[in-house]
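The structure appears below as structure tokens.
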Amino acid sequence: MYSTIISVEQLQNLQQPFMVFDCTFDLTQPDAGEQAYRAAHIPGAVYAHLDTALSAKTGPAMSGGRHPLPTQEAFAAWLGSVGFANGMQAVVYDRNGVNYAGRLWWMLKWVGHDAVAVLDGGLQAWQAAGGAVSAGVEPSKFSSNFVPAQALSTLVATETVVNQLGRASQTIVDARATPRFKGEVEPLDPVAGHIPGALNRFFKHNLDVDGHFKPAAQLRDDFTSLLGPRAPEELVHQCGSGVTACHNLLAMEHAGLTGSVLYPGSWSEWSADPARPVAQGG
């Protein structure tokens with residue numbers, strides 16, 4: 001079982017039942033990800049659309065912001081509809097530096113499925129290793145009955161973040177690029193800045209120049225340097241809309257730093273209420 005990161009070679013040698021998911025997306029062009037998938041994807045891969053499969057745009061949701069989480073039941077129903085079963089290994093990837101694949105990794109943990117790993121290096125690494133690609137749409141798979149189990153990842157609501165703000169028991173880690181964190185630019189949300197007291201760890205710093213995750217020991221050193229004496233269990237990860245924050249959660253998990261939680265509403269939900277405090281600068 002692979003539960004954090006899987007290499008191209010390991011994927012090519014998988015013997016147990018597995019399913020591959022392509023999570024490629026573009027926030028500014030919501031249809032571009034699926035178009036890229038149709039142009040080239042790992043054979044057999046299922047497309048997981050951020051806006052429709054991994055978010056709740058209609059009906060009840062588990063969070064707010066630009067990408068509200070669907071209920072666990074709705075997500076499990078989608079998994080079953082594409083043929084994913086509890087006994088399978090999930091392999092998730094994108095071609096965006098794990099901008100979006102980490103969301104599906106976290107969500108599968110959230111419904112109690114531990115056998116899920118991100119393909120290190122994404123589609124680019126697969127193709128660089130000579131891996132074949134398919135075009136078009138994959139044939140429909142038989143539906144399964146995916147049954148959620150006890151959650152292996154945890155989320156917190158805005159109310160909890162507000163109530164714990166400024167307390168030693170809560171440290172917020174913001175995964176957005178530093179200019180957005182500082183409030184110098186804000187391309188997506190109505191207010192620029194960050195939650196007061198938050199630390200900044202741009203998620204792309206988890207990768208090397210080739211788009212692969214840094215070694216676990218280096219990631220551990222990086223996060224330990226950022227966090228100082230704070231324990232992983234005190235951390236609340238956020239970003240713009242609860243997507244790239246999962247990248248930091250994955251990197252910490254890969255480094256053996258477990259127990260952190262996700263604030264899925266993130267900055268888009270926080271900044272929607274002018275009564276909530278906003279900080280700017282470093």
**Prompt:** over 23 Å from the mean Cα position of the chain (by Cα), among the β-branched types (V, I, T), more than 29 Å from P196 (Cβ to Cβ) and outside the structural domain of L235 (by TED's automatic domain parsing), is that true of V111?
**Reply:** no
**Fill in**
When restricted to K204, K182, the only residue under 24 Å from N96 (Cβ atoms) and more than 19 Å from the chain's Cα centre (by Cα) is K182
**Request:** Could you please find all residues in segment 165-183 being free of Cβ contacts under 8 Å to residues at least 24 places away in the same chain and over 20 Å from H247 (Cα atoms)?
**Result:** R167
**Message:** Can you go through R230, R176 and tell me which one is within 16 Å of the chain's Cα centre (by Cα) and either outside the structural domain of T24 (by TED's automatic domain parsing) or closer than 29 Å to A56 by Cβ (or both)?
**Reply:** R176
**Message:** So G83 ticks every box in (1) of a type outside the set (K, R); (2) crowded, with 21+ Cβ neighbours inside 10 Å; (3) in a loop (DSSP other than H, G, I, E, B); (4) over 15 Å from the mean Cα position of the chain (by Cα) but one. Which box is left unticked?
**Reply:** (2)
**Message:** Exactly one condition in (1) without any contact (Cβ under 8 Å) to a residue 40 or more places away in the chain; (2) out of contact with any helix residue (DSSP H, G or I) (no Cβ under 9 Å at 6 or more places or on another chain) is false for F142; which is it?
**Reply:** (1)
**Request:** Determine, yes or no, whether Q89 is modelled with pLDDT of 95 or more and in the same structural domain as W105 (by TED's automatic domain parsing).
**Result:** yes
**Complete:** Exactly one of V147, V191 is assigned to a loop (DSSP other than H, G, I, E, B), surrounded by fewer than 14 Cβ atoms within 10 Å (Cβ to Cβ) and over 19 Å from the mean Cα position of the chain (by Cα), and that residue is V147
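For every residue, the table says whether it meets (1) in contact (Cβ under 8 Å) with a residue 24 or more places away in the chain; (2) over 22 Å from G240 (Cβ atoms).
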{"site": "H49", "(1), (2)": "yes, no"}
{"site": "S55", "(1), (2)": "no, no"}
{"site": "S63", "(1), (2)": "yes, no"}
{"site": "H67", "(1), (2)": "yes, no"}
{"site": "P70", "(1), (2)": "no, no"}
{"site": "E73", "(1), (2)": "yes, yes"}
{"site": "V82", "(1), (2)": "yes, yes"}
{"site": "A85", "(1), (2)": "yes, yes"}
**Item:** Cross-chain or 6+ apart pairs with Cβ under 9 Å, segment 193-205 first and among the β-branched types (V, I, T), then surrounded by fewer than 16 Cβ atoms within 10 Å (Cβ to Cβ) and not in a strand (DSSP E or B)
**Value:** I195/L165; I195/P277; I195/V278
**Complete:** All conditions in (1) of a type in the set (D, E, K, R); (2) surrounded by 13 or more Cβ atoms within 10 Å (Cβ to Cβ); (3) out of contact with any Lys or Arg (no Cβ under 8 Å at 6 or more places or on another chain) are true of E186 except (3)
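The values are calculated or read from the model by the stated rules, or taken from the named source; none is laboratory data. Values in this document were obtained by computation on a predicted structure and should not be read as measured data. With ideal geometry, Cβ positions are generated from the backbone for all residues, glycine too; neighbour counts draw on all protein chains shown.
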